[in-house]
Amino acid sequence: MFKEIMGLPAHVLVVHAVVVLVPLLALVSIAYVVLPRFRSRLDWALVLLAVTAPVTAWVAVQSGEELTNVFIARGLQGPIVDQISEHSRYGELTFWYVLPLAIAAAGLLVVTSGHPRVPTPPRWVNHVLSVAVVVLAVVSLVYVTLTGHTGAEAVWGNTL
């Protein structure tokens, strides 16, 4: 399922969505925390990004595993395998930071929504979620950068 799209490796196509959506989720989440007066303008973007960014990160991990299996089956060996392994570890960590970021951001959106069906939580809940969102957003940005850098190094490192 995650091997190819129209004859091309799915991974090389999906990673473009991750490189866009994860930083957008991180930045919109931070904006939602630090710019409360703009929350009503950011809420739908935050919801959409909180759903799509982790999904694309997960698909990138799965398609990356498929691509690695193809390389290994074709006899790929040497230092490149170590580079791919490092890239894979960063990719998995990216997903495991983006998922809680999405959950925390969605939780913050719910507790700050002012919706009559949502009970007003204690103030500390907003503070804890806000700190969690900012920390997870920064960590997600770091890991999506590390993942992209190690992937680009593996593919393009010796080209120029």
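Couple of notes before you dig in:
- Among the residues examined, V98 does not qualify as of a type outside the set (F, W, Y) and farther than 15 Å from T147 by Cα.
- Number of residues in region 111-141 that are in contact with a Ser or Thr (Cβ under 9 Å, 6 or more places away or on another chain), of a type in the set (S, T, Y) and surrounded by fewer than 18 Cβ atoms within 10 Å (Cβ to Cβ): the value is 0.
- Flag if E92 is of a type in the set (D, E) and over 15 Å from the mean Cα position of the chain (by Cα): no
- Residue check for F95: among the aromatic types (F, W, Y), buried (at least 17 other Cβ atoms within 10 Å of the Cβ), assigned to a loop (DSSP other than H, G, I, E, B) and in contact (Cβ under 8 Å) with a residue 12 or more places away in the chain: no
- Matching residues in region 70-95 - criterion: being among the hydrophobic types (A, V, I, L, M, F, W, C) and under 22 Å from A57 (Cα atoms): V70, F71, V81, I84, L93, F95
- Out of L67, L108, sole residue that is buried (at least 16 other Cβ atoms within 10 Å of the Cβ), touching a helix residue (DSSP H, G or I) at 6+ places or on another chain (Cβ under 6 Å) and either more than 21 Å from S40 (Cβ to Cβ) or among the aromatic types (F, W, Y) (or both): L67
- Listed conditions (1) farther than 17 Å from V47 by Cα; (2) surrounded by 14 or more Cβ atoms within 10 Å (Cβ to Cβ); (3) not polar (S, T, N, Q) are all met by P100, apart from (1).
- Residues of region 63-92 satisfying the condition of being of a type in the set (D, E) and part of a loop (DSSP other than H, G, I, E, B): none
- T147 modelled with pLDDT under 95 and buried (at least 19 other Cβ atoms within 10 Å of the Cβ): no
- Comparison of V20, V47 shows that the only residue that is of a type outside the set (S, T, N, Q), in contact (Cβ under 8 Å) with a residue 60 or more places away in the chain, surrounded by fewer than 17 Cβ atoms within 10 Å (Cβ to Cβ) and in a helix (DSSP H, G or I) is V47.
The values are calculated or read from the model by the stated rules, or taken from the named source; none is laboratory data. Quick caveat: nothing in here was measured; it's all calculated off a predicted structure. Don't worry about glycine lacking a Cβ; one is built from the backbone with ideal geometry, like all the others, and counts go over all protein chains shown.
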